[in-house]
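Student: What follows is a structure written as structure tokens; I'll ask about it next.
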Amino acid sequence: MSLSAPQKEIVVALIELYDKKRSLVKSKEIAARTGRDEGTVRNIMPVLRAIGLVEAIPGPRGGYIPTNKAYESFNVPKSSRSLSVPIYTKRGEKTEVTVTDILFKSVFSPDFCQAILKVIGNISRFDINEEIVIGPTPSGRMIIEGKIAGRDDLHGEILLDVITLISIPKVKVNEVMSKRIVSIPSDAPLKAAAEVLYREMIRAAPVIENGKVVGMITSSDISRCVSEGRTHITTREAATRKPVLIGMDDDILQSMEKMQRSSIGRLVVVDSEEKPVGIITRTDILLRILKPFEMIETRGAEELLYPKQV
């Protein structure tokens with residue numbers, strides 16, 4: 001590939017600007033960095049795009065981004081802030097393709113939201129209209145579910161119609177957990193455990209012995225023991241599930257991962273000495289994720305009731 005000096009200068013400037021701001025680069029920014037006229041930059045861009053070094057997004061909010069080929073051609077290492085986020089199939093299978101950058105190109109559209117995914121790996125394995133899941137991203141901890149609308153194998157890009165976009169708050173477990181612990185002594189009879197679960201309207205409770213969690217008793221455990229005629233055993237004898245614990249200073253993302261791996265909906269929260277201090281459930285996490293929506297809804301109601309005087 002043979003480029004003129006102005007073309008090389010513009011590509012390098014684009015890479016440097018993009019790595020610094022991590023968003024679309026305007027032609028006037030490139031012109032300012034290279035000391036060239038903005039019209040010259042715009043005239044050169046179609047050529048650079050034709051040979052696969054630049055991607056252009058049209059419109060007033062548009063601009064330019066360098067392609068993977070641009071980085072490779074100029075031996076410029078990508079910024080350490082570049083993403084390396086896994087892509088999963090709809091069935092939850094992790095693929096060998098990773099996302100290095102995400103650019104939302106139509107987030108303000110009332111009809112749909114699209115994103116351009118810059119990726120590394122063989123994207124020919126993906127089909128148009130196939131649904132995939134990306135995330136969580138390191139910054140913002142976004143998880144994106146979408147349908148593939150287009151694919152550019154040459155430039156390593158996927159055009160995604162976004163179906164779902166959520167962000168996992170960066171908060172500790174002790175900020176979300178319930179400090180009220182409904183527990184059952186390990187030597188309590190099975191009937192007592194059943195009464196506790198029924199009275200509290202819960203499906204499971206930690207089994208405690210000498211201040212430590214030694215098991216989890218579930219409504220399924222109780223039903224199984226009753227069906228087997230084993231109604232005179234202790235709670236610890238009936239409990240089959242090994243307790244899954246989470247530290248109070250751990251991140252809620254870790255608790256979500258543990259729940260998913262263990263196929264359970266609640267974890268016992270423990271302190272540094274592994275003594276129980278609370279319970280965190282899927283509902284607790286969901287309510288925390290929905291907190292910004294609640295704030296917006298409340299503020300919207302206030303503005304309707306008490307409109308600002310002009």
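The values are calculated or read from the model by the stated rules, or taken from the named source; none is laboratory data. Keep in mind it's a predicted model, so treat the numbers as computed, not measured. Cβ atoms come from the backbone with ideal geometry, glycine included; neighbour counts cover every protein chain shown.
Matching residues to (1) surrounded by fewer than 19 Cβ atoms within 10 Å (Cβ to Cβ); (2) more than 22 Å from Val268 (Cα to Cα):
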| site | (1), (2) |
| --- | --- |
| Ile144 | no, yes |
| Asp153 | yes, yes |
| Lys170 | yes, no |
| Glu175 | yes, no |
| Glu195 | yes, no |
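Student: Look through the range 247-280, keep the residues that are under 23 Å from the mean Cα position of the chain (by Cα) and of a type in the set (Ser, Thr, Tyr), and return whichever of them is surrounded by the fewest Cβ atoms within 10 Å (Cβ to Cβ).
Tutor: Among them, the one singled out is Ser263.
Student: Separate question: Just to be sure I understand the filter: pairs with C-beta atoms under 6 Å, separated by 6 or more residues or on different chains, first member in the range 251-278 and hydroxyl-bearing (Ser, Thr, Tyr), second member surrounded by 13 or more Cβ atoms within 10 Å (Cβ to Cβ). Which pairs pass?
Tutor: Ser255/Val173; Ser255/Ile246; Ser255/Leu267; Ser255/Ile280; Ser262/Val244
Student: Just for strands (runs of 3 or more DSSP E) wholly inside the range 1-112: which have at least 2 residues that are modelled with pLDDT of 80 or more and surrounded by fewer than 19 Cβ atoms within 10 Å (Cβ to Cβ)? So that I can check it myself, show each step before the final result.
Tutor: Numbers: elements: 54-57, 63-66, 85-89, 94-104.
Because the criterion is at least 2 residues that are modelled with pLDDT of 80 or more and surrounded by fewer than 19 Cβ atoms within 10 Å (Cβ to Cβ), the strands (runs of 3 or more DSSP E) in the range 1-112 that meet it are 85-89, 94-104.
Student: Show the residue pairs meeting these rules: Cβ distance below 8 Å; 6+ apart or different chains; first residue within the range 2-27 and more than 19 Å from Gly39 (Cβ to Cβ); second residue assigned to a helix (DSSP H, G or I) and at pLDDT below 90.
Tutor: Ile15/Ala70; Ile15/Tyr71
Student: Run Gly140 past the list (1) more than 18 Å from the chain's Cα centre (by Cα); (2) assigned to a loop (DSSP other than H, G, I, E, B); (3) surrounded by fewer than 14 Cβ atoms within 10 Å (Cβ to Cβ) and report the number of the one that doesn't hold.
Tutor: The one condition Gly140 does not meet is (1).
Student: Scan the range 152-160 and tell me whether some residue there is among the hydrophobic types (A, V, I, L, M, F, W, C) and either at pLDDT below 90 or assigned to a loop (DSSP other than H, G, I, E, B) (or both). Let's see the steps before the verdict.
Tutor: Quick first cut of the range 152-160, residues among the hydrophobic types (A, V, I, L, M, F, W, C) only: 154, 158-160.
From the residues that got through so far, the ones that are either at pLDDT below 90 or assigned to a loop (DSSP other than H, G, I, E, B) (or both) too are 154.
Yes, the conditions are met somewhere in the range 152-160.
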